[in-house]
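Read-outs: derived from the displayed coordinates by stated rules, not from any lab. Being a predicted model, the structure only gives us computed values, none of them experimental. All Cβ positions, glycine included, derive from the backbone under ideal geometry; neighbour counts span all protein chains shown.
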Amino acid sequence: MPKDHGIGASPKRREDVRFLTGTGNYTDDINVYGQTYVYFLRSDMAHGNIKNIDTAAAAAMSGVVRIFTGADFEGVGGIPCGWQITDVHGEPMQEPAHPVLAIGKVRHVGDPIAAVVAESLEEARNAAEAIEVDIEELPAVVDMKAALEDGATKVHDDLANNLCYEWGFVEDNRAAVDEAIKNAAHVTTLELRNNRLVANPMEPRVALGQYNRADDHSTLHTTSQNPHVIRLLMGAFVLGIPEHKLTVIAPDVGGGFGTKIFHYAEEAFCTFAAKACNRPVKWTSSRSEAFISDAHGRDHVTKIELALDADNNFTALRCDTYANMGAYLSTFASSVPTWLHGTLLAANYKTPLVYTNVKAVFTNTVPVDAYRGAGRPEATFQVERVVDKAARELGVDPIALRRQNFITEFPYATPVAVEYDTGDYNATMDKLEVIADIAGFKARRAESEKKGMLRGFGVNCYIEACGIAPSNLVGQLGARAGLYDAATVRVNATGSISVMVGAHSHGQGHETAFPQVVAEMIGIDESQIDIVHGDTSKVPFGMGTYGSRSLAVCGSAMVRATEKIINKAKKIAAHLLEAADSDIELKDGQFSVAGTDKSVAWGDVTLAAYVPHNYPLEDIEPGLEETAFYDPANFTYPSGAYCCEVELDPETGKVTVERFSAADDFGNIVNPMIVSGQVHGGIGQGIGQALLENAAYDENGQLLSASYMDYAMPRADDVPFYAVDHSACTPCTHNPLGVKGCGEAGAIGSPPAVINAVIDAMQSGGHNVTHIDMPASPSRVWEAMKG
Amino acid sequence: MTEVTMVVNGKSVTKSVKGNTLMTEFLRDELRLTGTHVGCDTSQCGACVIHVNGEAVKGCTMFAAEASGAEVKTIESMENPDGSLGVIQQAFQDHHGLQCGFCTPGMVMSASALLKDNPKPSEAEIRDYLEGNICRCTGYHNIVKAIMAASGQDVSNIAAE
């Protein structure tokens, strides 16, 4: 029987009621007295020198409060990058300035040139149209390889060239990898592109800045996955506001997928302008604006080589990647193609030698940063495509080739620095073979062929690294922040509990899942526990939600804080029961003396903590509130095996996903319903990447797919029902819950399965196509089949 | 400015609006009914679906002045008179048909309009009908399942979680 409460149960989500009744509190739902509106005048050119900005006529227009340009931000800090990469020569990456509003140059379509603050949005927009901007257009740098040629136009005049860094990992393995490839019995080579994507959470970004002169305090409401990180970056690096004078609140946030991790210029602007104008300043992004101002994702061009011996064992892997940074370094941009990518290239396999070389390149495009998976989908796509291609070249079963090369003993130290604590890749593959009914594929293919359709089958594995940590290690790798998290458990006098967590829920259901853990530990009803998140004035500290870290890192902090609560409560109970601390047991919300029928209820103990008349005041303080910070000992390593079946119309090239199955190992699971939902959503996005989505630039740096009319978001009729299974479970060995993280797996594991299936379908029709770039749109597929 | 009178969620409202005020702006800014969301500017996402005279309409595609005299329903009116969740809302909660919640009001309003015209839609009919509602969180699995359940269909053979 499934559990009906506590860890492992799937209670209905408590946050749903407000979302289903229109009573959620998203940032754009918040309006404050005296509020003004800002409209950003953005560059419509990809690259140019700003010769002059004349705001005089605009400033005189109706409703205009003030117009800001880059000149107002001279002397104010720029938007910082949170991760410094050291290059192959031991030098720090080239790190350009990133002003809040453009100074001197515009570097991508969407770069903000001026900001009009006015009484209404309409007046702000009208005035922005009256600003006269004289820009001398420069050649746009769009293609990464062209950007690195000698004499290429520079995106940043003060840098040596457009190369942010060249990174090699593990540099000491480079020669050995090359040697192994040279001497291999077989080498499979693949050149591929991981297409540029736009994260597109359904809620566009919003920022509302306020300033209170009476106490010199700034407050920013923003659509963020990590309000404390924004407070730190904006306060310390951009505006020079100390933490106690700055509150950042991220209320209900309508999806993030990575793109709401980063600190954006608009947040700093609204906070700055609220003080400068002494009025609240609100910005609400339009979707069109989001396409040219939200950080994009992916955009890697890669050559990958897999060496095999005569027995089809993998002997070496080499990956050479160009990674697009866009025009500026977004918050975690530099870490994505390096530490979040290179360390995953051993994947699920025993490949003894791995080397990756990454050239990160500045171009006149929107900055690129983490999007669901961030580096890990790129690594997975490369490895799983090249493994599949190798199987086809060698004429062996792709599942058998994978199984033959699986890592089977744990812990396993990879040749790319990380150590997998647990996993069982054969177990997830076994599950997959069942839920995907792989045995039935031949019959389904025959049915498709009867209709004149081609049918393809694709499989892949993935390994994830979640809960990036520990802080002292990531610090050595260049992170400019710690990657712990924190939780405060506040037990009230009557026994109810508020848990302040540093993680932020923007769809993940923390308000439901986190109380399941605390309720299980204490043995009280979940309804007694509320989660507080998203407000730096209420939550002590936290690094936020990304990298599938919430439960593995913040949940661990919550467990530790709850353990402290239980320890103290046992001391109080021991006093009340006149017994020794060590004899007290807690079960189902009752403290009892072992071996006796003496007990006291949770609520009596908590009341005693706050009304300490009969209380061990000489030993412990009154009250019942504890905080814990948790810094993980290692990453967690979820893994799985995915399968996709497509039907391909040879007349049109249209690919339809007929079946999709996912078998994951997430370690222990707190709420299976929420976990499945996370996988479903990730698969939807992965199918979108594989078949539909593409942020396409023309040679002038114009974004061609800059609205939902042009950028193909997956819709309900683009996807099937998914079969998901997470019963294969090897618990994480180093966090208290044994959990691994499930938020990104679906997006990481699905694109290669889809493309492997498309290739299989094309080959089944007699077309000798060995690769197709994503998205495998009808026109691309049709062209490929034409040869 | 034009004076408009309409019935919104059962209450008559009269307001002066500009000719270019969109229905979404009227609901959100004038009436403070912020359950109707704006997720795009090309009438593609469907987060703003409302009912106007019983028909599902994207609120961003009509001016408030065009709704003069109309009966308008928004997500704020979809619960039962006793305050409990309506059948579709309850099915969305029961089957985890929402995550971040931003597309949800539009999904519920679209589903309601679908079920009025087609009380037992097939999976394919639901997916086809939702073509104008984008969700980025759920991969649509549990949304389609919730709508099938709301229409009284057995969904137990669709992967349980």
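Sorted fewest first by neighbouring Cβ atoms within 10 angstrom, A:Ser62, B:Ser68 come out as A:Ser62, B:Ser68. By the rule of a C-alpha distance below 23 Å, with chain neighbours fewer than 8 residues away ignored, the lysines paired with A:Lys51 are A:Lys105, A:Lys154. Taking each DSSP H run with n ≥ 4 as -39500 (n - 2.57) and averaging over every residue of chain A yields -7500 deg cm²/dmol at 222 nm.
Put simply, the amide H of A:Leu483, placed in the peptide plane, has neighbours under 5 Å in A:Ser471, leaving out anything fewer than 5 places away on its chain. Computed across region A:662-787, the Kirkwood radius stands at 16.6 Å (inverse of mean 1/r, all Cα pairs).
Note on the protein assembly as shown: semi-axes of the ellipsoid equivalent to its C-alpha gyration tensor, largest first and rounded to whole Å, are 39, 37, 32. Residue pairs exceeding 25 angstrom between C-alpha atoms, taken from A:Lys654/B:Lys116; A:Lys431/A:Lys740; A:Lys145/A:Lys654: A:Lys654/B:Lys116; A:Lys145/A:Lys654. Every Cα-Cα pair in region B:2-77 was counted, and those over 15 Å apart are 47% of them.
Where Lys and Arg each count +1 and Asp and Glu each count -1, what net charge lies around A:Lys350 among other residues with Cβ under 15 Å from its Cβ? It works out to a net charge of -3. With only Cα atoms counted, region A:484-630 has Rg and Dmax values of 15.6, 47 Å. A dipole drawn for the protein assembly as shown from +1 and -1 charges on Cβ atoms has a positive end, and of A:Ala180, A:Met785, B:Thr61 the residue lying farthest that way is B:Thr61.
Along region A:168-181 the Karplus relation, 6.51 cos²θ - 1.76 cosθ + 1.60 evaluated at θ = phi - 60°, assigns HN-Hα couplings of x, 8, 8, 4, 5, 8, 4, 5, 5, 5, 4, 5, 5, 5 Hz to successive residues, with x for each Gly and Pro. Please work out the C-alpha center-to-center distance from region B:80-135 to region A:442-470 and express it in whole Å. Each part reduced to its Cα centre gives a spacing of 29 Å. Packing here is the average count of other Cβ atoms within 10 Å per residue, and on that basis the peptides A:344-357, A:217-230, highest first, run A:217-230, A:344-357. Put simply, the amide H of A:Ile85, placed in the peptide plane, has neighbours under 5 Å in A:Met93, leaving out anything fewer than 5 places away on its chain. The charge dipole of the protein assembly as shown, taken about its Cα centre with unit charges on the Cβ of Lys, Arg, Asp and Glu (plus for the first two, minus for the last two), comes to roughly 500 debye.
Averaged over peptide A:666-676, the number of partner chain Cβ atoms lying within 10 Å of each residue's Cβ comes to 2. When a/c is below 1.5 the answer is rounded, else prolate if a/b is larger than b/c, else oblate, so apply that to region A:518-561 with a ≥ b ≥ c taken from the square roots of the Cα gyration tensor eigenvalues. It is oblate, given that a/c is not under 1.5 and a/b is not larger than b/c.
Within region A:4-89, the proportion of Cα pairs with more than 16 Å between them is 79 percent. Backbone amide hydrogens, once placed in the peptide plane, bring A:Tyr371 within less than 5 Å of A:Arg298, excluding anything fewer than 5 places away on its chain. Taking the square roots of 5 times each eigenvalue of the Cα gyration tensor of region B:87-150, largest first, gives ellipsoid semi-axes of 16, 12, 11 Å. Counting Cβ atoms of other protein chains within 10 Å of each residue's Cβ and taking the mean over peptide B:41-50 gives 4. If you average 1/r across every pair of different Cα atoms in chain B and take the reciprocal, what Kirkwood value do you get, in Å? Taking every pair of different Cα atoms in chain B, averaging 1/r and inverting gives 16.1 Å.
Within a straight-line Cα-Cα reach of under 21 Å, A:Lys538 can be paired with the following lysines, leaving aside sequence neighbours fewer than 8 residues apart in one chain: A:Lys245, A:Lys260, A:Lys564.
Expressed to the nearest 5 percent, the antiparallel share of DSSP beta bridges inside the protein assembly as shown is 80 percent. Spatial offset of region A:128-158 relative to region A:559-616 amounts to 68 Å, using the alpha carbon center of each.
Counting other Cβ atoms within 10 Å as a rough exposure proxy, the listed residues A:Tyr371, A:Tyr711 run A:Tyr711, A:Tyr371 from fewest neighbours to most. Exposure proxy ranking for B:Met62, A:Met453, based on other Cβ atoms within 10 angstrom of each Cβ and starting from the fewest, stands as B:Met62, A:Met453.
Each residue of region A:687-692 is assigned a 3J(HN,Hα), and the resulting list reads 5, x, 4, 6, 10, 10 Hz, derived from the Karplus form 6.51 cos²θ - 1.76 cosθ + 1.60 (θ = phi - 60°), x at Gly and Pro. Positive end of the dipole of chain A (Cβ unit charges, origin at the Cα centre): among A:Asn324, A:Ile584, A:Gly458, the Cα lying farthest that way belongs to A:Gly458.
Scattering from region A:127-174 was approximated by placing one identical point on each alpha carbon and applying the Debye formula without solvent; log10 I(q)/I(0) at 0.23 1/Å stands at -0.88.
May I ask which residue of A:Gln404, A:Tyr546, A:Tyr615 lies farthest towards the positive end of the charge dipole of chain A, with charges of +1 (Lys, Arg) and -1 (Asp, Glu) on Cβ and the Cα centre as origin? Sorting the options by dipole projection puts first A:Gln404. Note: region A:158-236, Cα convex hull, 243 Å³ per residue.
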